[in-house]
1. Which percentage, to the nearest 5, of the DSSP beta bridges contained in the range 261-378 is antiparallel?
2. For Lys177, give me every one of the aspartates and glutamates with a C-alpha distance below 12 angstrom, ignoring sequence neighbours fewer than eight places off in its own chain.
3. Of the cross-linked pairs Lys83/Lys162; Lys71/Lys162; Lys82/Lys262, which ones have a Cα-Cα span greater than 32 Å in the structure shown?
4. Can you give the charge dipole size of the range 279-402 about its Cα centre, rounded to the nearest 20 debye, using +1 on the beta carbon of Lys and Arg and -1 on the beta carbon of Asp and Glu?
5. Taking the Cβ-Cβ separation of Ala281 and Arg40 as r and a Förster radius of 41 Å, what is the calculated FRET efficiency to the nearest 0.05?
6. How would you rank 310-320, 377-387, highest first, on the average number of other Cβ atoms within 10 Å across their residues?
7. Calculate the dipole size of the chain relative to its Cα centre from +1 charges on Lys and Arg beta carbons and -1 charges on Asp and Glu beta carbons; express the result in debye to the nearest 20.
8. Starting from the Cα of Ser387, step 7 Å along the direction of its Cβ; do the same at Glu143; then give the gap between the two resulting points in nm.
Amino acid sequence: MTTATNHNLTATALSALPLGISGKLVTVEADSNHGLPSFRVVGMASRSVDESRERIRSAITNSGFRFPRDKITVNLAPAELKKTGTNFDLPIALTVLTLSQQLLQRDLDRRLFVGELSLDGHLRPIHGIIQAIELALHHRLDEVFIPYANAAEAALVSDRIKIFPVRNLRELWQHLKHQRLISPLPAQANSVKNTQTDSPQLTALDNIIGHTRAKRALVVALAGHHNLLLFGPPGAGKTQLASAAVSLLPPLTHDEHIVLTKLYSLNNPSFTPIMRRPFRAPHHTASLTSLIGGGRNALPGEISLAHCGILYLDEIPEFPRALLEALRQPLESHSITINRHEHNIIYPADFTLIATMNPCPCGYHGSPNHTCTCTPHQVNTYRRRLSGPFLDRIDLTLQLAPPSVSNLVKNTQTAHANLNHSNASRALRDNTSLSTIRAKIHTALCTQHARYPKVYTNGTAPSHTLLRHINLSANAQSFLNATVSQLSLSARSYFKLLRISRTLADLDETPQITEAHIAEAVQFRQSF
C-alpha cells in the first residue's frame, strides 16, 4: 500500500495572465489535504485551464517524478479574474511537486513561471511572454522562467531581468535543486536590426513608372502621418504605390519593436520578433472582429497589427459601411478599446491609412481611353459608400491616371539599356535614392517629435497644439485666406491644409510655411 504524503500542506508560485499588451500577476496556490485522491483547479479557470490537469499529471509522471495520491486543490488568484490559456501549466506542476516535497517552497519564491506542458514534460511556447516579463519587473521579482521556444521574444527585454529559457520540467527541477544550472539569456543592447530594405517582396519606388505627384503625396503622407486616398482607373498603379510605402518608413525604435512583438505574440505563440514596420492589407470580406479586434479572447485586429506601420485598404468602397464607420474612432484616437465584462483592453492602433478606389463600379469614369458603362446614379451610389465623417479623416486625396504608352515604351528602353551596367552599380544607385527619401522622412518625423509636447506628428497633433507651431509667412497667410474664401473650405479642411503645409515645410527643413507649401497642399486635397 502506498504511503500517504504529509497533509495540510500548501505551496504557492507566481505566474502571469496576458491582458492585451499588459497583464495581471496570478498567484497559483495549491493545497494537499485528507480525502479521496483528486486534482481540482478553481479560481475562474476556463476550460483550457481546467483541461491542464491531465497534461500536468502526465508531464509529472513522464518526467520521472511522483504525483501525490492526495486531495489536491489549486486556486488561481485573484479569483474574480477569468483565467484563460495554458500559461499556468508549469507553475501548477511546480506547486504539486512542492506539495509532495520533491521541491521546497523557497525554490519557487521571488520567481515567475509561465509555460505549457506537453504530456512528456517538454515546454511549448505560449502567448504574452514580454507581458509576463514586464509584470515580473513591475513586482520586483528576481527571475523569470519561460519556454525555450519563446527565447527570441524574451531576448528583447533580457537586459532588465534574469530570464531562463526552459526545455522541459526535468531540466527546470535540476536547476532549482542546483544540480544542473540553466544559463540565463544574455543581456542585449536596445537596438533593432531593420531588415525591410533587404526584403525582395517590397516594391521599390524607383521601379514605379511615372506618377511623380503620387510619389510626392506618398512621401508627404508618411512624413507627417497623414492618411492618403488614391483613386483612379484599374491599372493606374494605385496598389503598387501603396506597397512601396512601407519601404520608405524609418527603422523601428526599440520601444516600437517591443510593442509590436507583444501584439503579434498574442495571435501566435511561436511568433518570431518582427524586424520591419508592418504592412497589413485585409480583404474587403474581412469581418468587423478581424479588423477592429475582439472575439472570445479579445485579440488584436488588423488595425492594431498595423501599429507603427501601414494599413492598406484596397478598393475601399467594397468594404461594408459598418466596418468603415468603425474605423473613425481609431483614426482619431490611434487606439481601440475592447470592452469585456471583467475588464477593458486597450490596444494601440497608430497606423497610417492608405486607401485606394476606382472612380465608379466599372472603374473608367472620366477615363480618356475607356468608355464608362455606369449610370450617374451608379456612380453617385458607389462614391457615397464613403461617408463624409470618414472622408474627413483622410488628409490627402489624389487622382491617378494610368501611364501613357509612350512613357512605358521609354522606360522599357531605358531598362533594357541599363542591362549593360553591372548589377552592383544599379543596386548602389537605387539604394542611394531610396535611402535619401527615407532619410528625409525620418528627419521630418524627428523634427515633429521634437516640436510637440508629446509624441505627436503634424497629422495627429490636436488643433490647438498645431496652431502654436504654425509659422506662416505674410504671403502664405494672404494666399491661405484667399484659398479658404474661394473654395469655401470648412474649418476641418482649413486645418488639413495647415497640417499638410507644415509637413511640406518640414520636408524642406524650413521653420516657416511659404506660399509654395500652401499651394502644393491644395493640390493634394482633390475631390472625386
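1. In the range 261-378, DSSP labels about 55 percent of beta bridges as antiparallel.
2. Result set, ordered by chain and number: Asp107.
3. Distance filter (> 32 Å) returns Lys71/Lys162.
4. Using only the charged Cβ atoms, the result is roughly 240 debye.
5. Efficiency at R0 = 41 Å is approximately 0.30.
6. 310-320, 377-387
7. The dipole of the chain has a size of about 120 debye.
8. Label-label distance for Ser387 and Glu143, simple model: 5.6 nm.
Where a number appears in this text, it was derived from the coordinates with a stated rule and is not lab data. A quick note: this is a predicted structure, and the numbers were derived from the prediction, not measured. Virtual Cβ from ideal backbone geometry, glycine too; neighbours counted across all protein chains shown.
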